[in-house]
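Note sheet for the following structure.
The values are calculated or read from the model by the stated rules, or taken from the named source; none is laboratory data. Quantities reported herein were computed from a predicted structural model and do not represent experimental measurements. Cβ placement follows ideal geometry from the backbone for every residue including glycine, while neighbour counts extend to all protein chains displayed.
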Amino acid sequence: MTVTRSTDRADQLAALLPGAELDVLLVTDLVNVRYLTGYTGSNGLALIGTDLRAFVTDFRYLEQAAAEIDPSFDRHRGERELLAGLAELFPSGELRMGFEEANLSFRKHRQLRDVLPDRVELVPVDGLVERLRQVKDSSEVARIREAARVADAAFAELLEEGLIGRTEQDVAFALFEKMHRHGGDRPSFDTRVAAGTHGALPHAMPRDREIGRRELVVVDWGVQLDGYCSDCTRTLAAGEPGAAETEVYAIVLEAQLTALRAIRAGVGAREIDSAARDVITAAGYGEYFGHSVGHGVGLAIHEGPTLRQRSDAALRAANVVTVEPGIYLAGRFGVRIEDLLIVTEQGSEILTSIGKELTTVG
Ligand code: ZN
Ligand code: ZN
């Protein structure tokens with residue numbers, strides 16, 4: 001697989017280091033390593049400084065690394081315990097090295113302190129590479145777009161097969177199999193299929209229980225393609241829906257459409273959340289919408305920016321985010337509607353192509 005622009009990415013990261021008062025960043029989060037170098041294996045790290053592009057893996061991954069890694073990086077063979085040989089890779093003199101505090105365990109931090117000379121100061125860093133990942137380049141957008149297309153195609157086939165009488169697990173597995181057949185690599189997270197009262201649990205796992213008539217069914221699924229994820233939710237009616245279900249569905253849909261209309265580069269993440277939340281609150285269901293309205297999607301299924309009240313961030317062009325309000329009525333049913341979209345200067349481009357009117361399936 002060729003990885004485009006990873007040289008640029010490492011350069012962009014190096015350009016951020018002086019502002020963070022760092023000489024070098026040690027990248028141990030494997031998603032970040034992949035983003036910067038192209039490496040897709042499960043043991044590797046990168047060191048990036050102004051003039052430093054080093055990658056370390058152990059003997060099991062040498063060939064893979066040779067094939068995948070951007071040529072701007074010097075490749076090094078380390079022990080399986082990669083931190084052990086790190087000291088040799090450092091330029092001379094005193095320097096401040098950032099490490100990814102969300103990824104490096106306490107034990108590894110201690111090990112790092114032991115192997116590095118005192119002239120290297122260890123500085124915890126939060127989300128530097130993640131900040132770069134929030135703005136997608138064209139090759140990333142192309143992969144996410146294709147992942148969304150695969151997920152949509154699989155779902156369309158699922159609808160033709162019906163839901164009533166099948167177990168939640170059967171439906172989840174069928175969706176997985178269809179995504180695979182349409183070219184997806186693997187699900188981007190465990191497919192959720194939640195019928196009836198189970199739908200009131202936002203992260204319900206599919207059960208070995210048949211979907212009944214007159215139940216709403218929340219289906220949340222996504223697929224990975226070349227590492228990039230898609231994410232979508234639809235709520236379906238298995239047989240004719242009741243009046244309460246229809247009413248709540250209409251409120252969630254209005255909330256979702258209102259939030260979508262509010263999206264464009266420069267708008268605060270909090271404002272998008274409020275746009276949806278205000279509709280749901282005005283309808284009297286505010287307390288039943290307990291999660292944030294959306295999240296970024298890329299190499300990880302959940303990444304920045306998060307569209308929530310506790311955010312001061314503004315959307316930027318080429319962010320890829322979800323908008324997914326929901327209403328969850330414990331003991332009764334749940335509704336969530338989620339689209340995946342690219343933020344643009346003028347608004348957004350929605351990558352999900354599936355209709356959002358309440359669809360009745362037999
Ligand atoms: Zn989802
Ligand atoms: Zn989501």
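Where strands (runs of 3 or more DSSP E) fall wholly inside the stretch 260-359, the ranges with 1 or more residues that are at pLDDT 95 or above and away from ligand 2 (no atom under 14 Å from the Cβ) are 326-329, 333-336, 339-343, 348-350. Among residues of the stretch 294-326 being hydrophobic (A, V, I, L, M, F, W, C) and within 12 Å of ligand 1 (Cβ to nearest atom), the one that is surrounded by the fewest Cβ atoms within 10 Å (Cβ to Cβ) is 301.
On inspection, residue 154 qualifies as at pLDDT 95 or above and in contact with a His (Cβ under 7 Å, 6 or more places away or on another chain). Across the stretch 16-28, not a single residue is classified as farther than 27 Å from residue 117 by Cβ and either more than 27 Å from the chain's Cα centre (by Cα) or assigned to a strand (DSSP E or B) (or both). Of all residues in the stretch 180-192, exactly one satisfies the criterion of being touching a residue at least 60 places away in the same chain (Cβ under 8 Å) and closer than 14 Å to residue 226 by Cβ, namely 188. Here residue 337 meets each of (1) within 15 Å of the chain's Cα centre (by Cα); (2) within 16 Å of ligand 1 (Cβ to nearest atom) with one exception, condition (1). Here residue 275 fulfils each of the conditions (1) buried (at least 18 other Cβ atoms within 10 Å of the Cβ); (2) away from ligand 1 (no atom under 15 Å from the Cβ); (3) under 29 Å from residue 154 (Cβ atoms); (4) not polar (S, T, N, Q) apart from (3).
Tell me, please, whether a residue that is more than 27 Å from the chain's Cα centre (by Cα), of a type in the set (Phe, Trp, Tyr), more than 30 Å from residue 297 (Cβ to Cβ) and buried (at least 16 other Cβ atoms within 10 Å of the Cβ) can be found in the stretch 59-74. No; the residues of the stretch 59-74 include none that is more than 27 Å from the chain's Cα centre (by Cα), of a type in the set (Phe, Trp, Tyr), more than 30 Å from residue 297 (Cβ to Cβ) and buried (at least 16 other Cβ atoms within 10 Å of the Cβ). Restricted to helices (runs of 4 or more DSSP H) entirely inside the stretch 56-165, those with at least 2 residues that are touching a residue at least 12 places away in the same chain (Cβ under 8 Å) and of a type in the set (Val, Ile, Thr) are 138-161.
Of the residues making up the stretch 195-223, those that are within 14 Å of ligand 2 (Cβ to nearest atom) and modelled with pLDDT of 95 or more are 218, 219, 220, 221, 222, 223. Given the structure, is residue 277 in contact with a Pro (Cβ under 8 Å, 6 or more places away or on another chain) and of a type in the set (D, E, K, R)? Spelling it out, residue 277 is indeed in contact with a Pro (Cβ under 8 Å, 6 or more places away or on another chain) and of a type in the set (D, E, K, R).
Under the condition of being within 14 Å of residue 227 (Cα to Cα) and in contact with a Pro (Cβ under 9 Å, 6 or more places away or on another chain), the residues counted in the stretch 136-179 number 0. Residue 50 meets the conditions (1) closer than 21 Å to residue 124 by Cα; (2) touching a residue at least 60 places away in the same chain (Cβ under 8 Å) in every case but one. The failed one is (2). Tell me whether the stretch 135-152 contains one or more residues that are surrounded by fewer than 20 Cβ atoms within 10 Å (Cβ to Cβ), among the polar types (S, T, N, Q) and over 30 Å from residue 215 (Cβ atoms). The answer is yes; a qualifying residue exists.
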